Amino acid sequence: MNIYQPHLARVEELVEETPDTRTLRLTFKDPRVAEQFTFKAGQFAEYSVFGAGECTFCIASPPTRRDYVECSFKTVGKVTTALRGVNVGDTIGLRGPYGNWFPLDQMSGKNVVFIAGGIGLAPVRCVIWNVLDEREKYKDVTIIYGARSVSDLVYKRELEQWAGRSDVKLWQTVDPGGETPEWKGEIGFVPTIVEKAAPSAKDTFAVVCGPPIMIKFTLPVLQKLGFPDENIYTTLENRMKCGLGKCGRCNIGPVYVCKDGPVFTAAQLKALPAEY
C-alpha cells in the first residue's frame, strides 16, 4: 500500500461525544484496501477533508476489530471544523497507519493500568479494547479516567460498559466544580485519583495519555508507587503533522515523534532535550 496516498473512506457513523468532540466510524470504499489495511494499538493516521486539508489523530478503534476504523477529534481549527461538517455517507481521505505502538506482547500475562484525561482517552481506548477483546491474555485491568466536567467525559457508553464488567476496575473523576448533582464518581484531578487508587506496580504496565500537564503530574505519582520508567508508556502525538518525518514539525532533538513515536516510555522522555 502507498503510504503517501489517502484511501477513500466512507463515514458510516458519527457520535457526538461532547459539545466539541466527535467520533467517526469509517470503512474503506475499496474492498482491497479494507482487506489489506492493518495496524497496531497506538498507531495513528492522517484524515483529510478534500479542499480543507488533513489532520493527525490516533486510530481510536482496536486492531482486533477490523471491519472499521474510528477516530475521535476535538474541533479546534480549520480542518477539524471541516471534518465536523461531514455526515454519514460522506467520503473523506485516510492514509496510514504510521508510527510505533504499545508493546502488548510484553504486557501479556501482566497487570495493566490505563490512565487518561479528556480526549486523551482516545489512544487509550484503542489499547483498552484490544486488551479486553483478548482478556484472557492479561491479569488485572484498571482504568482511571478524568475530565474537566461531566459533560467533557468522552465515550460515556463505553464507560458504562467498563463499569459493569467484573474483570475491570474503573475509576472516574471530574475536576472540582465539574460535577453535577447526579455525579457518583470521584471529584479531583487525575494524579490525585491515581494516588488514591494506588495500583500495585508489581508485574504492572501503565499507559498514560492526556493533556501534558496531567501527564507531567501523573508520572511522579506512578514513580512514587514504584513503577519503573520502562513500564510507563505515553504518547506525544499532538506534535505531529506529516506523519512521515518530512516536515520536521515534530522533531525533538534527534527524535521524530511520527517515526520514533508516538509511543514513548517515561525513560525515553527523560532522555529528550531539556527544552521539551
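The values are calculated or read from the model by the stated rules, or taken from the named source; none is laboratory data. All figures in this text were calculated on a predicted structure; none of them were measured in a lab. Quick note on the areas: whole protein, heavy atoms, side chains included, nothing else; ligands and nucleic acids left out. Shrake-Rupley method; radii C 1.70, N 1.55, O 1.52, S 1.80 Å.
Numbers below:
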item: Mean separation of Cα contacts under 8 Å (6+ apart) over length of the chain, as relative contact order %; result: 18
item: Å² per residue, accessible surface of segment 1-154 at 1.4 Å; result: 40
item: Accessible surface of segment 118-276 [probe 1.4 Å, protein heavy atoms]: carbon and sulfur percent; result: 52
item: DSSP bridge pairs, the chain: antiparallel proportion in percent, nearest 5; result: 60
item: In Å, descending, principal axis extents of the Cα set of segment 12-110; result: 43, 31, 21
item: Measure of compaction for segment 176-235 (Cα Rg per 2.2 N^0.38 Å); result: 1.23
item: Percent of Cα pairs exceeding the 12 Å cut-off, where the set is segment 54-111; result: 76
item: Mean separation of Cα contacts under 8 Å (6+ apart) over length of segment 173-276, as relative contact order %; result: 21
item: Kyte-Doolittle mean at least -0.5, axial Cα span of 18 Å or more - DSSP H helices of the chain; result: 212-224
item: Average Cα contact separation per residue, segment 85-179, under 8 Å, 6 or more apart, as relative contact order %; result: 27
item: For the chain, alpha-carbon Rg and Dmax in angstrom; result: 18.1, 52
item: Hydrodynamic radius by Kirkwood, which averages 1/r over all alpha carbon pairs of segment 149-276, in angstrom; result: 16.6
